[in-house]
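Just so it is clear, none of the values below were taken in a lab; they were calculated from the coordinates. What you see is a predicted model; the values in this text were computed from it and never measured.
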């Protein structure tokens, strides 16, 4: 990997941050982190407690859609991109059929 690159920024991170801030009631509480390792790119998302339902959606459909769109962005850049949603209490949100293991 190239040591000069800043892995905290990328079109995938910017996309998720923009879309989620449009969905939630408290956009100031949205935190998006991006890490890169040998497995690919991991986008970690944190939102306020009252906004979790908006991000996950009915039966997890919103979260699934976000993951699908991230995969499209990743394929354009030859990278595997996964989304992990962290609950306000520190747990992870597992959604069947989501992008990768949680």
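Per residue, what volume in Å³ does the convex hull of the Cα atoms of the stretch 11-86 enclose?
On the way: hull volume 5.9 nm³, N = 76.
About 78 Å³ per residue, rounded to a whole number.
With an 8 Å cut-off on Cα pairs and a minimum separation of 6 or more residues, tell me the relative contact order of the stretch 28-72 in percent.
Numbers: 32 pairs, mean separation 11.4, N = 45.
That works out to 25 percent.
Tell me, what is the percent relative contact order of the stretch 11-86, built from C-alpha pairs under 8 Å that lie six or more residues apart? Before the final figure, lay out the partial values.
Numbers: 100 pairs, mean separation 24.9, N = 76.
Once divided by the residue count of the stretch 11-86, the mean separation gives 33 percent.
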